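Data block below; observations after.
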Amino acid sequence: MAIALQDIWQHLQRQLFPTLVEEVGELGDKDRQFIQVVSLLPWGGFMSRYEGCGIGCPPHERTWLLHSFIAKEVYQFSNREALYDSIQARPTLRRLCGWERLQDVPSLSTFCRAFAQFAEDELPQKIHEALVKLHCGPKLVGHISHDATAIPVPERPPLPEPNAPSSAPATRRKVGRPKKGQEPPPAPPTRLQLQPGRSLAENLSDLPRACDIGAKKGSKGHMEYWRGYKLHLSTIDGDIPVSAILTSASTHDSQVAIPLLQMSAQRITGLYDLMDSAYDAEAIHTYARSLGHVPLIEPVQRGDWIPLDPAERQRFGERSASERVNGRLKEFFGGRTVRVRGPAKVMCHLMFGVLAITALSLWQRLC
């Protein structure tokens, strides 16, 4: 991994940056960050299906549009309209994205259609997976931190269908205690009990994704509410996000722990799983151990609880990587400026920011 990144870095410093300065003029910090991200992402194998799509569409136009959506997060444009206006007004940005002339830039509606297509195909998720496997897969990872963050969106939760069939069982159990000598019917298994025996695809399909209302206790002990979604991230040492799952805002963190463990195990090899008290469930402990990991989970203070010992507490401090990535995503890479609706488009928007964070964190480790 280090040799491959070093070669790319030397190519950027010795050849690409000087050539671009001669072609487009002096480059700012954001310009260099954008070039670093674009040069590292392995999207070549994913773009062939988009060549020549649409009436009169140039063969590589979707690649330039993909560049522009990465630029939106790196340059911190609040929406697609601001991105479109900047591409038209700033020749350097326009040429870095791929368009040589102003008349080559497609219309804003083309940007919207391309974004919807990328969201439907889960293109940024696929590129992120390939990037993680390429540069982090061959290495042994010390700590994997799992956490979730609220994603407010300007979207209304869907209304229940008036003629929707009831989810109640056909034979309802009688209210009250069972008769003497009669055993109560067994409770159906919970999602957390079913997840260890399912595949990743089955677990992901079972998670709720519709917009709804979420609630959590803030740092000052007060309840905080938001309308939208919840993004679950797995982050390794070096503040590199390796897995991401989007769910409804009301989904409890523990419901997504095992799918995150499954997704991360397919991409990297880790040693310790670090989670807060929301993940303190025996099924999560057991599944992490089955992967060969050591789970370090903040215990819930109930009954005869046993706190983490000093050595575990010191190692648990590495979990701050997930908090830094969540904060960085919200402050600098679009986590607070979600202007799209629907789980597919919201996830696509967020994953462009996650892609930028992943690439820049890889470069930061090299430098």
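Looking at Pro165, Pro178, Pro160, Pro154, can you tell me which residue is open to solvent by 20 Å² or more (accessible area, probe 1.4 Å), modelled with pLDDT of 90 or more and more than 21 Å from Gly270 (Cα to Cα)? Write out each step before concluding.
Working: Pro165 fails: modelled with pLDDT of 90 or more; Pro178 fails: modelled with pLDDT of 90 or more; Pro160 fails: modelled with pLDDT of 90 or more.
Going through Pro165, Pro178, Pro160, Pro154 in turn, just one is open to solvent by 20 Å² or more (accessible area, probe 1.4 Å), modelled with pLDDT of 90 or more and more than 21 Å from Gly270 (Cα to Cα): Pro154.
Would you call Leu274 aliphatic (A, V, I, L, M), within 30 Å of Arg227 (Cβ to Cβ), at pLDDT 95 or above and assigned to a helix (DSSP H, G or I)? Please lay out each step first, then the result.
On the way: aliphatic (A, V, I, L, M): yes; within 30 Å of Arg227 (Cβ to Cβ): yes; at pLDDT 95 or above: yes; assigned to a helix (DSSP H, G or I): no.
In short, no.
Take the residues of the stretch 100-137 that are open to solvent by 40 Å² or more (accessible area, probe 1.4 Å) and in a loop (DSSP other than H, G, I, E, B): which is nearest to Gly44 (Cα to Cα)?
Going through the qualifying residues, I end up with Glu122.
Would you be able to say whether some residue in the stretch 289-300 is assigned to a helix (DSSP H, G or I), modelled with pLDDT of 95 or more and more than 25 Å from Arg328 (Cα to Cα)? Steps first, please.
First, pick out the residues of the stretch 289-300 that are assigned to a helix (DSSP H, G or I): 289-290.
Subsequent filtering for residues that are modelled with pLDDT of 95 or more retains 289-290.
Now narrow it down to the ones that are more than 25 Å from Arg328 (Cα to Cα): 289-290.
Checked the stretch 289-300: at least one residue is assigned to a helix (DSSP H, G or I), modelled with pLDDT of 95 or more and more than 25 Å from Arg328 (Cα to Cα).
Tally up the residues in the stretch 320-367 that are in a helix (DSSP H, G or I), in contact (Cβ under 8 Å) with a residue 40 or more places away in the chain and among the charged types (D, E, K, R), please.
Residues meeting the conditions: 6.
Which members of the stretch 87-113 meet the condition of being farther than 19 Å from Val37 by Cα and in contact with a Phe, Trp or Tyr (Cβ under 8 Å, 6 or more places away or on another chain)?
Narrowing the stretch 87-113 to residues farther than 19 Å from Val37 by Cα: 88-91, 100-113.
Residues satisfying the conditions are Val105, Leu108, Phe111.
Residues to consider are Arg198, Arg172; find the one that is of a type in the set (Lys, Arg) and modelled with pLDDT of 95 or more.
Details: Arg172 fails: modelled with pLDDT of 95 or more.
One residue alone meets the criteria, Arg198.
Any chance you could count how many residues in the stretch 79-92 are open to solvent by 40 Å² or more (accessible area, probe 1.4 Å) and closer than 15 Å to Phe115 by Cα?
Going residue by residue through the stretch 79-92, those that are open to solvent by 40 Å² or more (accessible area, probe 1.4 Å) are 79-81, 85, 88-91.
With the extra rule that they be closer than 15 Å to Phe115 by Cα, the set shrinks to 79-81.
The number of residues fulfilling the criteria is 3.
Within the stretch 200-228, can you find the residues that are in a loop (DSSP other than H, G, I, E, B) and free of Cβ contacts under 8 Å to residues at least 24 places away in the same chain? Show your work before the answer.
Residues of the stretch 200-228 in a loop (DSSP other than H, G, I, E, B): 207-211, 218-222.
Across the stretch 200-228, the qualifying residues are Gly218, Ser219, Lys220, Gly221, His222.
On the basis of being under 25 Å from Phe352 (Cβ atoms), more than 17 Å from the chain's Cα centre (by Cα) and either modelled with pLDDT of 95 or more or open to solvent by less than 50 Å² (accessible area, probe 1.4 Å) (or both), does Cys97 make the cut?
Numbers: under 25 Å from Phe352 (Cβ atoms): yes; more than 17 Å from the chain's Cα centre (by Cα): yes; either modelled with pLDDT of 95 or more or open to solvent by less than 50 Å² (accessible area, probe 1.4 Å) (or both): yes.
So Cys97 passes the test.
Evaluate the following for Asp304: is it outside any helix (DSSP H, G or I), among the acidic types (Asp, Glu) and within 24 Å of Leu204 (Cβ to Cβ)? Break it down into steps so the answer makes sense when it comes.
Working: outside any helix (DSSP H, G or I): yes; among the acidic types (Asp, Glu): yes; within 24 Å of Leu204 (Cβ to Cβ): no.
It is false that Asp304 is outside any helix (DSSP H, G or I), among the acidic types (Asp, Glu) and within 24 Å of Leu204 (Cβ to Cβ).
Residues checked against (1) closer than 26 Å to Asp212 by Cβ; (2) open to solvent by 10 Å² or more (accessible area, probe 1.4 Å); (3) among the hydrophobic types (A, V, I, L, M, F, W, C); (4) touching a Ser or Thr at 6+ places or on another chain (Cβ under 6 Å):
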position: Gln255; (1), (2), (3), (4): yes, yes, no, no
position: Pro259; (1), (2), (3), (4): yes, no, no, no
position: Leu274; (1), (2), (3), (4): no, no, yes, yes
position: Trp305; (1), (2), (3), (4): no, yes, yes, no
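The values are calculated or read from the model by the stated rules, or taken from the named source; none is laboratory data. As the structure is a computational prediction, the values presented were derived from the model and not from experiment. In this analysis, Cβ positions are derived from the backbone assuming ideal geometry, glycine residues included, and neighbour counts consider all displayed protein chains. With ligands, DNA and RNA removed, areas are computed over all heavy atoms of the protein, side chains included. Shrake-Rupley method; radii C 1.70, N 1.55, O 1.52, S 1.80 Å.
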